[in-house]
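Asks: Dumping the structure here so I can ask a few things about it.
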Amino acid sequence: MTASETVFTRNNMDAMRAAVRETVERTPLTDIHTHLYAPAFGKLLLWGVDELLTYHYLIAEVVRASRIEPAAFYAKNKREQADFIWQTLFLERSPYSEACRGVLTVLDTLGLDVASRDLAAYRAYFAQQTVEGYIDTVFERANLKSVVMTNDPFDDAERPVWESGIEADRRFHAALRIDLVLNNWASACARLKGWGYGADETLSKKALAETRRFLADWLKRTKALYMAVSLPQDFAFPEESPRARLIAECIIPVAREYNVPFAMMIGVKRAMNPALKLAGDGVGKSDVGAVERLCVSYPDAKFMVTMLAREDQHELSIAARKFPNLFLFGCWWFLNVPGIIEEMTRMRFELLGTCVLPQHSDARVLDQVIYKWSHSRAIIANVLADKYADLLRTGWALKQSELDRDVAGLLGGNFWDYLK
């Protein structure tokens, strides 16, 4: 501690709260789970006001509000869909849902006049931007140091970019997405055979070895920080299924060999309303015990987990208390609303202390990192200040350097430490 370092005690609580807010705002962060793409992926990187307005959360909202038939909505082109959503959700109603508010936070942060309600002016602003320049703007406004993408080797639009080599942008890290392998082995097997891997639907010893080779090849090609999968609400382990065998005999061995975590996002109820397409997925309560059994069975493997149902959060936090190889991250998907973010962050801080990563954006549109992190930083700062206030009331003294350390961990440092 330097002679000039600020120390917070029970006598300067207000100063502590102000310092927490300032520190959380100025600390650059790593967003560890997004659906964004580096510039080299071209049109796969979504950005701009029309993409913001046609985000699948807003599609579900507008279908509910207007009672339009989903097929009629999807028959519109992108601009027409955005116009319809703007008119229905922003002009005919007050846009205070989190998804609507998020659009307005982005526009305001970019310096646009939200009170004007002038969609044409917003479009004109984005039309003047270049992709590279706008990425710089977004990273600056969101105070992002780096993001982790979601990279699917089975995606026919994405795979050729990796195979041809991409220009490095050190702000964009890869995560190897393996959903097809674990959730639809028959389809994955056919693709692997087409690429020259000796896979078969019976999961023979050769097929398992070839699947491990495929995973290793793509970990090396993408330099992925972790392997990730989105799992349904009925995910179970152990069980007699291709998924369980592939986890035990392919995913875990490769994860251990390359020292990468296996990230599981559990609790999706796919196509609950198929007519809504991507907007039609739902949420279901899952078995935290499956996570616990994986942690017990493979204590030398690293697991990153987030679960979708609010009802699973307490049990999952208790599991994380018991297993050092279990790392909790973020408030995923339908949990990414302020009331639930605050509840979950408070519970995790109280049960796990600093050993958690409270948030990720899950952003599908570049601009979304602005609002998702603006809203979440405010909540994280508020909850953290409350926890420090509890400490100071005991007579504990908090140094500014300790505050800096804690916040750096919560905004990405804990993740990088877990990878070591």
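Nothing in this text is a laboratory measurement; each read-out follows from the coordinates by a stated rule. Computed from a predicted structure; not experimentally measured. With ideal geometry, Cβ positions are generated from the backbone for all residues, glycine too; neighbour counts draw on all protein chains shown.
Asks: Size of the dipole of the stretch 164-237 about the Cα centre, Lys and Arg at +1 and Asp and Glu at -1 on the beta carbon, nothing else charged, in debye to 20? Let's see the in-between values first.
Replies: Details: 12 positive and 8 negative charges, 69 e Å.
Approximately 340 debye in magnitude.
Asks: On each of the three principal axes of the Cα atoms of the stretch 273-320, give max minus min coordinate, whole Å, ordered largest first.
Replies: 43, 21, 13
Asks: If the viscosity is 1.567 mPa s and the temperature 4 °C, what translational diffusion coefficient in µm²/s does Stokes-Einstein give for the stretch 330-371 when Rh comes from Kirkwood over Cα pairs? Don't jump to the answer; show the numbers that get you there.
Replies: On the way: Rh = 11.0 Å.
Once the numbers are plugged in, D ends up at 118 µm²/s.
Asks: Something else about it: If you take the Cα Rg of the stretch 311-403 and divide it by 2.2 N^0.38 Å, with N the number of residues, what do you get?
Replies: 1.16
Asks: Would you calculate, for the chain, the mean residue ellipticity at 222 nm contributed by helices, counting each DSSP H stretch of 4 or more residues as -39,500 (n - 2.57) and dividing by all residues, to the nearest 500?
Replies: On the way: 20 runs with 203 residues, N = 420.
Estimated from H runs of four or more residues: -14500 deg cm²/dmol.
Asks: For F237, what is the net charge nearby, where nearby means another residue's Cβ is under 10 Å from its Cβ and Lys, Arg count +1, Asp, Glu -1?
Replies: Working: positive: R243, R293; negative: E239, D287, E292.
My count for the surroundings of F237 gives -1.
Asks: Between A120 and E25, what length comes free when the chain is fully extended (0.36 nm per residue of separation minus the Cα-Cα distance, one decimal in nm)?
Replies: Numbers: separation 95, 0.36 × 95 = 34.20 nm, distance 3.12 nm.
Full extension of this stretch gives 31.1 nm more.
Asks: A further question on this structure: How far is the Cα center of the stretch 150-228 from the Cα center of the stretch 237-274, in Å?
Replies: 14
Asks: Output the pairs from K145/K223; K206/K285; K145/K277; K205/K322; K43/K277; K43/K193 with a Cα-Cα distance over 24 Å in this structure; if there are none, say none. Mind showing how you got there, number by number?
Replies: Details: K145/K223 18 Å; K206/K285 36 Å; K145/K277 33 Å; K205/K322 34 Å; K43/K277 20 Å; K43/K193 29 Å.
Violating the 24 Å Cα-Cα cut-off are K206/K285; K145/K277; K205/K322; K43/K193.
Asks: How big is the stretch 156-268 by Rg and Dmax over its Cα atoms, in Å?
Replies: Answer for the stretch 156-268, Rg first and Dmax second: 14.1, 42 Å.
Asks: Just the number, please: Stokes-Einstein D of the stretch 84-217 in µm²/s, Kirkwood Rh from C-alpha pairs, 37 °C, 0.692 mPa s. Walk me through the intermediate numbers first.
Replies: Numbers: Rh = 18.9 Å.
The Stokes-Einstein estimate is 174 µm²/s.
Asks: What does the net charge come to around N183 if you take all other residues with beta carbon closer than 10 Å to its beta carbon, with K and R at +1 and D and E at -1? Can you show the working numbers first?
Replies: Values: positive: R243, R270; negative: D179.
The answer is +1.
Asks: State, in angstrom, two size descriptors of the chain derived from its alpha carbons: Rg to one decimal place and Dmax to the nearest whole number.
Replies: Rg, Dmax (Cα atoms, Å): 22.3, 69.
Asks: Suppose we keep just the alpha-carbon trace of the stretch 155-216; what are its Rg and Dmax in angstrom?
Replies: Gyration radius and largest Cα-Cα distance of the stretch 155-216: 13.4, 41 Å.
Asks: Still on this structure, I have one more. Just for the stretch 7-419, what percent of DSSP beta bridges are antiparallel, to the closest 5? Please report the intermediate quantities before stating the final value.
Replies: Working: 4 of 27 bridges.
Roughly 15 percent of the DSSP beta bridges within the stretch 7-419 come out antiparallel.
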